[in-house]
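Chemist: Have a look at the structure that comes next, please.
The values are calculated or read from the model by the stated rules, or taken from the named source; none is laboratory data. This one's a predicted model, so the numbers in the text were calculated from it and none came from an experiment. Positions of Cβ are backbone-derived with ideal geometry, glycine not excepted, and every protein chain shown enters the neighbour counts.
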Amino acid sequence: MKDITVEQIMSWGPCDDYPEPRVLELFGDHKSVTPIEILDYPGIPVADRLWVLLRYAFASAATYAVADAAAGRAAAYAAAYAAAYAAADAAEREWQVDRLHEVLSDMEVGE
């Protein structure tokens, strides 16, 4: 398991609460820390520790490529689903209008 460096964290663009001097201060005398050390660090809110760990987990180009491909597939699926849903909804509405015409026609005949 590789360690996490200040340079890595700064390259991920942390929020304004973590300028480089603060990150350096959090690292203390360490040049790098392990993901476990980040996870166990009591001076950082849990959400911020997870922010670091998630960026660490997705730091490799291969992981980014897989995530990008998965996002593309999800978007294509969502678009196809939306189109199919729209078509089904239009067919349902058309059926409802036709049925309403039938009912109204039956009412006129029954008068």
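Chemist: Looking at region 26-44 only, could you name the residues that are among the charged types (D, E, K, R) and either within 23 Å of the chain's Cα centre (by Cα) or exposed (fewer than 12 other Cβ atoms within 10 Å of the Cβ) (or both)?
Modeler: Within region 26-44, D29, K31, D40 meet the criteria.
Chemist: Right, something else. Out of the residues in region 68-110 that are farther than 30 Å from F58 by Cα and of a type in the set (F, W, Y), state the one that is farthest from the chain's Cα centre (by Cα).
Modeler: W95
Chemist: Would you confirm, using the coordinates I've provided, whether A84 is of a type in the set (A, V, I, L, M) and either modelled with pLDDT of 80 or more or exposed (fewer than 11 other Cβ atoms within 10 Å of the Cβ) (or both)?
Modeler: Considered against the rule, which asks whether it is of a type in the set (A, V, I, L, M) and either modelled with pLDDT of 80 or more or exposed (fewer than 11 other Cβ atoms within 10 Å of the Cβ) (or both), A84 comes out as yes.
Every residue, every condition in (1) assigned to a helix (DSSP H, G or I); (2) basic (K, R); (3) touching a Lys or Arg at 6+ places or on another chain (Cβ under 7 Å), yes or no:
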site	(1), (2), (3)
I38	yes, no, yes
V66	yes, no, no
A74	yes, no, no
A78	yes, no, no
E92	yes, no, no
R99	yes, yes, no
E102	yes, no, no
S105	yes, no, no
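Chemist: Pairs please, first residue from region 1-23 and without any contact (Cβ under 8 Å) to a residue 24 or more places away in the chain, second anywhere and among the aliphatic types (A, V, I, L, M) and assigned to a loop (DSSP other than H, G, I, E, B), Cβ atoms under 7 Å, 6+ apart in sequence or on different chains.
Modeler: No pair meets every condition.
Chemist: Let me ask something additional. Considering region 12-39 alone, what residues qualify as being under 14 Å from L54 (Cα atoms) and polar (S, T, N, Q)?
Modeler: T34
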